[in-house]
1. Quote the accessible area belonging to Glu246 in square angstrom, nearest 10, computed with a 1.4 Å probe and with ligands, DNA and RNA left uncounted.
2. For Gly413, what is the net charge nearby, where nearby means another residue's Cβ is under 14 Å from its Cβ and Lys, Arg count +1, Asp, Glu -1?
3. Which distance in nm do the two modelled labels at Arg327 and Asp634 give, with both placed 7 Å along the Cα-to-Cβ direction?
4. Normalised by the residues of region 515-636, what does the relative contact order come to in percent, with Cα pairs under 8 Å and at least six apart?
5. Report the far tail of the P(r) of region 336-447, meaning the percent of Cα-Cα pairs longer than 25 Å.
6. What FRET efficiency do you get for Ser287 and Asp551 if R0 is 60 Å and r is their Cβ-Cβ distance, rounded to the nearest 0.05?
7. For the pair His313 and Thr515, how long in nm is the line joining their label points, each one 7 Å along Cα→Cβ?
8. Please list, short to long, the whole-number percent of alpha-carbon pairs of region 132-214 in consecutive 5 angstrom bins beginning at zero.
Amino acid sequence: MPALVNYSGDDELYSGGSFCSADLGLMLSLGHAEVYCPPRKRSRISGPFVVEDRSKGPSLDDLPDECLFEILRRLPGGRERGAASCLSKRWLMLLSSVRSSEICRSKSYTNLNDSTMISKDEDLEVECDGYLTRCVEGKKATDVRLAAIAVGTSTRGGLGKLSVRGSNSVRGITNVGLSAIAHGCPSLRVLSLWNVPCIGDEGLLEVARECRSLEKLDLSHCPSISNKGLVAIAENCPSLTSLTIESCPNIGNEGLQAIGRCCNKLQSLTIKDCPLVGDQGIASILSSGASMLTKVELHGLNITDFSLAVIGHYGKQITNLCLSSLRNVSQKGFWVMGNAKGLQSLVSLTITLCWGATDVGLEAVGKGCPNLKRMCIRKCCIVSDCGIVAFAKEAGSLECLNLEECNRITQIGILNAVSNCRKLKSLSLVKCMGIKDLALQTSLLYPCESLRSLSIRSCPGFGSTSLAMIGKLCPKLHKLDLSGLCGITDAGLLPLLESCEGLVKVNLSDCLNLTDQVVLSLAARHGETLELLNLDGCRKVTDASLVAIADNCSLLNDLDVSKCAITDSGVAALSRGVQVNLQVLSLSGCSMVSNKSVPSLKKLGECLLGLNLQHCSISCSSVELLVEDLWRCDIFS
């Protein structure tokens, strides 16, 4: 026993100290490994540092891209390719470069009668008909994201529509990402690229080669795309029906000429702010023998009277035409366009900020477009009363007339135009500063009984006298919008309300001088038909109006009394009313509406879908209770 106690082991010195039984067991289990145990007085943990002696085994990542590409394209199904794409960015980008035609599919995999495959029907290859839609915006717009979309949608119905809005400022979309979409999504039919400066002709060339079924192309703020890319699209995508090009400084006549030669199915053409586009490009598309264009929009282009002459002569199929900011087009261009007699199918015409739009040109357009139903003239400062009246007399099919910022047009022109348009259904005046509140003789004018919608907005010169004259000519209005007319009073509006038969929608927002008398008359005469009433900003409207609305307006579904003199009593009266269809109620800015209105709002909330309580005197806790009780209703506070 003493000998055993005094035994000190071998004569050799072990610097690691003594082993306990746990250390020994761990050491033996390591096999061929070097074990290092740091010096210690007592062994407290059994965790030595282990340094493996084995060399690292071979990996697929050591293979060059060419070999790995051949492996990846032989993966049998979409699930396998999707799983492989998650391993690394390199694998994802390689998989996205595999064209659909390059994927090797074994017969055993495509045999739908195989029992194993039937048990995994979710992994079967689906015919790529382009069912899916993807939209990538802002920071999420990267090449990696597009590559993932290409791989993920290739076997799940196919990508049919892709929209890219903006690009990541650090890792933005380039030709690599667009090429991945082209390779993996041959079923792509709609492509929209907005504000992607790093995508150029190379990416668009890949789309043209692979996506032969492309039907709609929208390029906006793409400075790196030139005629080369557009020519490739024209030559390889004969099914193109819609083309939109906006703010692309390197696209010009050559690209449009190719579209005119090759894309005989083109139906919609929109070109905005492209400085290189001129008469040659526009004329080549419009004059092509098989032109099927029905919609044309030209904005901010360096075209002349020649292009408008071509439109007037060859635009036999055009139904919708928009001309905007064409500063090189003169009166002659509009005159020739109208007298060419080619726009027989034109239904809608919009002219904005065109110096050539004069009285003479407008009359010619009226003569040359017998089927024109909608006319919109914006910011054409040369058009006067003579032009608008002459146009109204010639355009016998006109149903809708919109005039915005046409400051040479007065109430004389408006009244005569309305009197001469026998089929006019809608009239809209916006910011026409030439209108003055003058009394005029209207006994010789014919009433326009077809007019159903009247909108006069932000025309400061339009007052009660003008409104009374309009009222005599429009006895069958259904929709009335007088928002922003600070000059009208009860005396001017009441005759109009009395002459109309059944108003459905009324907007009187920011008519500061109107009082309860107008609302009482409106509720009494039109309560059975009224569905929408906007009194936002009518500060003289009080609880008396809500009482009248509650008693008479049974069909009302949208009511806005924001910033009116409404109190809790008015809300209570409304909750006891006859209207059962009220879905939207706005009390924003009604500071006299307090917590006392909560029970009334709960009762109204049984049918409400939207409730605006911003800037009211209702506490946050009360609003929270309303949110809990009115779970169907969106509450803004």
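The values are calculated or read from the model by the stated rules, or taken from the named source; none is laboratory data. Quick caveat, the model's predicted, so the values are computed rather than measured. Glycine gets a Cβ as well: all are built from the backbone with ideal geometry, and neighbour counts include every protein chain shown. Side chains included, ligands, DNA and RNA excluded: accessible areas come from the protein's heavy atoms. Shrake-Rupley method; radii C 1.70, N 1.55, O 1.52, S 1.80 Å.
1. 50 Å²
2. Values: positive: Lys393, Arg408, Lys436; negative: Asp359, Glu363, Asp385.
Local net charge: 0.
3. Distance between the two pseudo-spin positions: 4.1 nm.
4. Numbers: 260 pairs, mean separation 25.2, N = 122.
Computed over region 515-636, the figure is 21 percent.
5. Numbers: 883 of 6216 pairs.
Beyond 25 Å sits 14 percent of the P(r) for region 336-447.
6. Numbers: r = 65 Å, r/R0 = 1.08.
Using R0 = 60 Å, I get an efficiency of 0.40.
7. 6.6 nm
8. 3, 17, 31, 28, 15, 4, 0
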